[in-house]
1. Identify the single condition in (1) over 30 Å from A:GLN498 (Cβ atoms); (2) in contact (Cβ under 8 Å) with a residue 40 or more places away in the chain; (3) β-branched (Val, Ile, Thr); (4) buried (at least 21 other Cβ atoms within 10 Å of the Cβ) that B:THR42 does not satisfy, given that it satisfies every other one.
2. When the residues of the stretch B:105-120 are narrowed to those that are in contact with a Ser or Thr (Cβ under 7 Å, 6 or more places away or on another chain) and facing chain A (nearest Cβ under 9 Å), which ends up surrounded by the most Cβ atoms within 10 Å (Cβ to Cβ)?
3. Could you check, for the stretch A:181-196, whether at least one of its residues is closer than 19 Å to A:ALA88 by Cα and not in a helix (DSSP H, G or I)?
4. Scan the stretch A:2-54 for residues that are away from every other protein chain (no Cβ under 12 Å), farther than 23 Å from B:PHE160 by Cβ and not hydroxyl-bearing (Ser, Thr, Tyr) and report the count.
5. Pull up the stretch A:394-417, narrow it to residues that are of a type in the set (A, V, I, L, M) and buried (at least 21 other Cβ atoms within 10 Å of the Cβ), then point me to the one that is farthest from the other protein chains (Cβ to nearest Cβ).
6. Across the stretch B:63-73, what is the number of residues that are closer than 16 Å to B:ARG102 by Cα and facing chain A (nearest Cβ under 10 Å)?
7. Take A:GLY531 and decide whether it is in contact with a Phe, Trp or Tyr (Cβ under 8 Å, 6 or more places away or on another chain) and under 30 Å from B:PRO174 (Cα atoms).
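The values are calculated or read from the model by the stated rules, or taken from the named source; none is laboratory data. No experiment lies behind these values; they were computed from the predicted model shown. Cβ: placed from backbone, ideal geometry, glycine included. Neighbour counts: every protein chain shown.
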Amino acid sequence: MKISRNWLQKYFEKPLPNAEDIADALTFHAFEIEEQQGDSMDVKVLPNRAADCLCHRGIAKELSAILDVPMKKDPLREVLPEFPRTSALSVEVEDSQKCQRYMGALVRGVKIGPSPDWLCEALESVGQRSINNVVDATNYVMLNIGQPLHAFDAANLAQKDGTYKITVRVTDKVSETVDLLSVGEIIPQEGTLLITDGNSSKPLAIAGIKGGSQAGVTENTTDLIVESANFDGTMIRRTAQALKLITDASLRFQNRPSPELCAYGMRDVLSLITEIAGGEVEGVTDAYPACQERSREVSVSLSRINGVLGSDFSKEEVENVFKRLDLDTKTNGETFIVTPPFERIDLTPPAGGPEDLAEEAGRVLGYDQVPATELPPVSNEPNHARYRGIEKVKDFLVEKGFTEISTQSFAKDGEVMLANPLDKNMPALRASLDENMKKALAQAVYSAPLVFTPNEKPKLFEIGTIFTKDSEKLEVKTSEPISDLPAIQDDKNYIPQQYQLGSYQQFSVYPFITRDIALWVPSGTNASDVGKLIQNTAGELLVRTPYKFDEFSKDGKTSFAFSLIFQSFDRTLTDEEINVVIAGISEALKGEGYEVR
Amino acid sequence: MNQRGRLHPISIAIREISDIFGRMGFGIAYGPELEDEWHNFTALNVPADHPARDMQDTFWIKNDPGHVLRTHATSVTMRSLEEMSKTGATEMRMINPGKVFRNEATDMTHEAQFYQLDGFAVGPTGTVTLANLKGTFDRFYREYFGPNTKVRFRPSFFGFTEPSVEIDVWFEAPGKGGRWLETAGAGMLHPNVLRNAGLDPEKTQGFAFGGGLERLLMVKYGIPDVRLFHSGDIRFVYGFEEKKV
């Protein structure tokens, strides 16, 4: 989520550190920063905090705790006003599981127009476009405190006895079309939750995801119905995915913000709309069937916190962290009894518990304060028998000249099929390693000159899991039969061979060319000197050291035969250019007095 | 001619890592790649409606709705914890190197199948702490990457741990400057996970960790593309100078 430093600054008297330092503070105490550009940063809010931190207020609250700088105001701690009630708007929620709260407000006499500069700038600072004052107000409040909001043009809703009616219901059995703003007409899946005009039954919006054109705000709009609601997170996520319509609103709802937040969102958006678009709030109708006061208390002792973290934090340090986080805390001896604020659903039971409070203490004080302590020794010898049994078979095969390969578990055919394969041509789990071995061997035979000497031949093995109808097992597959291959058996005493590897040298993907060169040299000439001469003359297209595959002596002369392999990292070589290289090598050899055959 | 074969670099890494963790008292555990939902998700405190359970992240098995290709080797940890509860053991340390699967598009740094180095240590309450997790990784990285490495934690979130952290390591590649690399996710096992294994979270406590194995090798040896590992191509296996230790 994009966050602007200037916007955050509105929450503090004291000037905030620069954006880089803010990014650091967040990274090590709260959330990773994906990108930081000038005063804007992209904060990767963690899933458990997306209910309260997908907004500037949430990030400001975190910063206040991390930097230990008080906020000058916190909209979620300011007392809510008594909203005026109205009989001109009624709200009906058919399923309080799907819609936990729906607040609607009727605002009359607004004048749609451009937004003031400060508002346009604020939206632009987080990559949003200004549309008009009313739509901007709803977006601003969402980005500010996290409550998604929507405004409908009341003139497009029917009235019955002078009353507008919002009905939150699922789609009818008959396919119902909804004309969405900037998307067009769609037919949502049966069971999709809609905001509808309760008097005409016309759909106005896909609940929590996108508003419809039916009652979109236009330049002629004067009366508004403003929505501040709370919809079930799982339902919103599934619907948004089905519609391929991930919106700012759906992202927030799917993370289950508290329904309490609706009232704060309503308060702020009504105040902003009337400030910048005029009009008067006729009244607010609040359908909150799910409202219930639950105890939010969690307790944790200091010794439990230090026992989890392995730290040595004092009671005062921890108490101070809770205070900075604005957690209502009472102490009883060494025990903290914490009542998290309504928006911290991550700390509230059943999601939250003592470990969550330990985490709050650890991350705010800083994980760099947690020492690195080695584990105490264990009493029993650790169990490596299965591992050693597997590695023993590998060592056996390596000694016999086999090279280990690893291949994909997906296959064309098999006994176990995937419900959702990534590659439609590989819909099964391998039932044997045969197919992959065949392919790998063919490839290995082709590449053999690059890695083997001419008198070696590729022999491969793989140890991997295969899947049959009722079970899976580890199979050993070799590219050719081997008589005394042992079965995999637990072996607690075998010590697998250890290797050290050097840096990886990437191979070329272009074809290679092999050439042989044979020559007579005076007896006693050192073959490796000749090889070196060839290598130095051949230049960088020569891969591998020239390999001497033949040598014999006759009449006081010795014959050497070398095999050479040429390959380029950036092109396919032609015979002509290698002819030139070979001619150069011949010249050099002749220059030494050797006779090239 | 006495031709000698070669081990795949993943095998070489698992041996080196097993040795290091073995010296810290960790055993080595294996488990099924085709896993049930309980061990892969439910028992690990990943709720039924969690996005990770959606089709786009996880491979599901046709005509067998309760089974998935494991998305992490933490499922093996769950099985070990159940074993502990059955045998009445009070402490256990294991690493679980193994193949895992994610239903995501592949590129130079992403594969739909890769190895994870997963593991855990549990003991009586107060004996295995977040500080021990740091100490374990501090030593592991020093022995695996070299003496100049450092470890740091950043806050994170996983359903099966609380607190949760990302483990970064400071690594100085030969010929290059040092940099911080994100290498693993970890944390203290969530009480619900211990409870689901039949252990008493008031008496038992521990940490768990998991991270991509290929990524460690890519950093250590300068391997440019994760897709090389399971391509079956011997040119990859022979792309390293190899020395017996």
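1. Of everything listed in (1) over 30 Å from A:GLN498 (Cβ atoms); (2) in contact (Cβ under 8 Å) with a residue 40 or more places away in the chain; (3) β-branched (Val, Ile, Thr); (4) buried (at least 21 other Cβ atoms within 10 Å of the Cβ), B:THR42 misses just condition (4).
2. Checking each candidate, the answer is B:ALA112.
3. yes
4. Qualifying residue count, the stretch A:2-54: 30.
5. That would be A:ALA411.
6. Of the stretch B:63-73, the ones closer than 16 Å to B:ARG102 by Cα are B:67-73.
Within this subset, residues satisfying the condition of being facing chain A (nearest Cβ under 10 Å) are B:67-69.
Total satisfying the criteria: 3.
7. Taking the combined requirement at face value, the residue does not satisfy it.
Each row is one residue, and each column tells you yes or no for (1) touching a strand residue (DSSP E or B) at 6+ places or on another chain (Cβ under 9 Å); (2) within 11 Å of another protein chain (Cβ to nearest Cβ); (3) among the polar types (S, T, N, Q); (4) within 27 Å of A:PRO47 (Cβ to Cβ).
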position: B:ASN148; (1), (2), (3), (4): yes, no, yes, no
position: B:VAL151; (1), (2), (3), (4): yes, yes, no, yes
position: B:GLY159; (1), (2), (3), (4): no, yes, no, yes
position: B:GLU162; (1), (2), (3), (4): yes, yes, no, yes
position: B:VAL165; (1), (2), (3), (4): yes, yes, no, yes
position: B:GLY185; (1), (2), (3), (4): yes, no, no, yes
position: B:ARG195; (1), (2), (3), (4): no, no, no, yes
